[in-house]
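Asker: Take this structure, written in structure tokens, and hold onto it; I'll ask about it next.
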Amino acid sequence: RELARDFLIPGKMSSEEVENMETEPENEPTPVELDGVVTGMPNGTAETSPVNEAKKIVLDSEEDAESQRVKKAEAKKVQGNSQYTLKNYKEAIKLYSEAIELCPTCASYYGNRSACYIMLGKFREGLEDARQTTRIDPKFLKGYMREAKCLLMLGDPGQAISTYQKVLQLDPNNQSVADELKVAQSVHHFESQADGDMKKGDFRRAVFCMDRALDHAPQCTKFKIKKAEALALLGRHAEAHDAVSNILHIDNMNVDAMYVRGLCLYYQDNLDKAFAHFQQVLRLSPDHEKAKVAFRKAKSLRAKKEEGNNAFKAGRYQEAYDLYSEALRIDPHNVFINSKLYNNRATVGAKVNKLDQAIQDCTEAIKLDDNYLKAYLRRAKCYMDTEQYEEAVRDYEKVFNMERTREHKQLLSNAKLELKKSKRKDYYKILGVRKDASDDEIKKAYKKKALETHPDRHSSATPEEKEEQEKKFKEVGEAYATLSDSKKRMRYDNGQDLDDMDSPFSHDFDPNTIFQAFFGGGGHGGTHFSFGGPGGPGGGAGGNPFGPGFTFQFG
């Protein structure tokens, strides 16, 4: 053997070649050696020589070693199969790996290890082993099928389709592969549909499509992340956050999952943590376009909101209003922050007495966040200020149901009181004065309204007009009788039931009594008023401040 090693040329013969070698005859003449083959012997037979004998010894030894390696590899494979059956996939992988080390050119060992990786959800490793089987044996159908399965689970249905089509070229009648091809085509369709829906902003439809894709590829991380992104854009942040957190627990370097979790934090107004996620994504993947866009929007949104807050605190209300409006245009999908921006803008509107605009902004804030307590409180206050008491009561009831505090209970009670008061005659409106009008202002207002509505002034009007003016004249008297008396006015302002009060304007109330008392006498020798039509006493056209047909007569 030592001699053989000295003479052995590079390269070795296969075991098949060794087995097919003829036994060399002994005691023959030494031939002329040519490239390891002896010529000049009868019938061209090789001559036994020390060199040839050494070669034979080495080849026999190598054949024995190779045979032993194959036997050991097969034994490892059998043990691996047993562990696979017991679902001990990690142990099976270890045994198949030992078999591969002993015999690296056996396709079945790679195929079996690929199957274990697939069962463990390690599709990238499974894909590489499956491809190695077909590199060793281009007609190894199981290798192609495992490759296609891994591609599908890795979110590449297009390549899976190509691989299945390759199998059908090798085995056109394989119905199982034909069925798998249809599944891959279906997944490819749903993924393409979801991508289009995301671009159109139809996130609900995108979730539906990814669910259908996941029905066929339930372990596909890529599809799970796409669904989570759509959920985040729909405002279902908790679901999206949980989905990508599970992925990151297994693969903490998955930049797409990291981006979606940052997106959830951004949409929940947790900007500091969102910034940290986006920055980490861009460190690991500087060209991650979605992370770039989200990071840029988040920074811009925060800056505009803070500028608006500073302007509001400084009393620059129009500037604050404009800054909040600019911030609202940055990212319409960020409903949580936008609801705050609408409420902030409503606060500005209330400050500058644009109450209708403030109500509208509060409504927008509530549409985005149905549990936004501050927006309900702000809108209710605006409703109170615009005397829309039924709407105010409804909002304060919502507030009290959300937080049953003493303060909210009092606000609700006040709104209900104002609603009750609003259903009576509004004496302040009848006289045309503010609710804080002085006694002199009330007297002046009564004098004006009483003279305008006195029936005698409308003696020439139609019966319908006369009836309407008589009604107004009576209401003016009621209003004055109540508001000119401090006790009655206080009870009226407090919303007490005026029908139960001992009031002078009961059902038999005569407004003429108040009119005559106000202007003096009323038939007891004092001043008396009469209203004539055109051509009556004093009814000329010259300079009458009350118009034609209005005269004063004194008894």
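The values are calculated or read from the model by the stated rules, or taken from the named source; none is laboratory data. Predicted model only: the values in this text are computed from it and were never measured. No Cβ is skipped: glycine too gets one built from the backbone with ideal geometry, and neighbour counts run over all protein chains shown. Quick note on the areas: whole protein, heavy atoms, side chains included, nothing else; ligands and nucleic acids left out. Shrake-Rupley method; radii C 1.70, N 1.55, O 1.52, S 1.80 Å.
Asker: Under a 1.4 Å probe, what is the accessible area of the range 281-328 per residue, stated in Å²? Could the numbers behind the result be given before it?
Answerer: Values: 2720 Å² over 48 residues.
In whole numbers, the range 281-328 has 57 Å² accessible per residue.
Asker: In nm, give the distance between the simple-model label positions of Lys71 and Leu373, each being 7 Å from the Cα along the Cα-to-Cβ direction.
Answerer: In this crude label model, Lys71 to Leu373 measures out at 8.1 nm.
Asker: If the limit is 32 Å between Cα atoms, which of Lys142/Lys200; Lys409/Lys472; Lys290/Lys313; Lys416/Lys443 go over it? Please list the in-between numbers first.
Answerer: Details: Lys142/Lys200 40 Å; Lys409/Lys472 38 Å; Lys290/Lys313 35 Å; Lys416/Lys443 30 Å.
Beyond 32 Å between Cα atoms: Lys142/Lys200; Lys409/Lys472; Lys290/Lys313.
Asker: Kindly flag which residue pairs out of Lys149/Lys199; Lys421/Lys448; Lys76/Lys122; Lys381/Lys429; Lys429/Lys474 have an alpha-carbon separation exceeding 19 Å in this structure. Please list the in-between numbers first.
Answerer: Working: Lys149/Lys199 28 Å; Lys421/Lys448 25 Å; Lys76/Lys122 22 Å; Lys381/Lys429 21 Å; Lys429/Lys474 14 Å.
As for pairs spanning more than 19 Å Cα to Cα, those are Lys149/Lys199; Lys421/Lys448; Lys76/Lys122; Lys381/Lys429.
Asker: Carbon and sulfur: what percent of the range 230-367's accessible surface (1.4 Å probe)? Present the calculation step by step, with values, prior to reporting the outcome.
Answerer: On the way: 3220 of 6720 Å².
Ligands and nucleic acids excluded, carbon and sulfur give 48 percent.
Asker: Could you pull out the pairs from Lys425/Lys447; Lys305/Lys351; Lys435/Lys466; Lys423/Lys488 whose alpha carbons sit more than 25 Å apart here?
Answerer: Working: Lys425/Lys447 19 Å; Lys305/Lys351 18 Å; Lys435/Lys466 29 Å; Lys423/Lys488 18 Å.
Those over the limit are Lys435/Lys466.
Asker: Over what distance in Å are the Cα centres of the range 106-123 and the range 331-357 separated?
Answerer: Between the Cα centres of the range 106-123 and the range 331-357 lies a distance of 58 Å.
Asker: What accessible area, in Å² to the nearest ten, does a 1.4 Å probe give for Met119?
Answerer: We get 100 Å² for Met119.
Asker: Same structure, new question: Give the shape of the range 91-169 as rounded, prolate or oblate, defined through the alpha-carbon gyration tensor: a ≥ b ≥ c are the square roots of its eigenvalues, a/c under 1.5 means rounded, and otherwise the shape is prolate if a/b is larger than b/c and oblate if not. It would help to have the intermediate numbers written out before the result.
Answerer: On the way: a/c = 2.92, a/b = 1.41, b/c = 2.07.
Note, shape of the range 91-169 comes out oblate.
Asker: Moving on to the next point. Evaluate E = 1/(1 + (r/R0)^6) for Ser82 and Leu271, where r is the Cβ-Cβ distance and R0 equals 60 Å; express this FRET efficiency to the nearest 0.05. If you can, show how the numbers build up before the last one.
Answerer: On the way: r = 55 Å, r/R0 = 0.92.
It comes to 0.65.
Asker: Based on the Cβ-Cβ distance of Ser460 and Thr513, what FRET efficiency does E = 1/(1 + (r/R0)^6) give at R0 = 41 Å, to the nearest 0.05? Walk me through the numbers on the way to the answer.
Answerer: Values: r = 25 Å, r/R0 = 0.61.
Efficiency at R0 = 41 Å is approximately 0.95.
Asker: Between the range 238-309 and the range 180-231, how many Å separate their Cα centres?
Answerer: Taking the Cα centre of the range 180-231 as reference, the centre of the range 238-309 is 22 Å away.
Asker: Taking the Cα-to-Cβ direction at His189 and at Gln219 and moving 7 Å from each Cα, how far apart do the two end points lie in nm?
Answerer: 2.6
Asker: Shape verdict for the range 255-320, please, from the Cα gyration tensor: rounded (a/c under 1.5), prolate (a/b greater than b/c) or oblate.
Answerer: Values: a/c = 3.80, a/b = 2.77, b/c = 1.37.
Prolate.
Asker: Taking all protein chains in place and a 1.4 Å probe, what share, in percent, of the accessible surface of the range 62-184 do carbon and sulfur account for? If you can, show how the numbers build up before the last one.
Answerer: Working: 3220 of 6510 Å².
Percent of accessible area from carbon and sulfur atoms in the range 62-184: 49.
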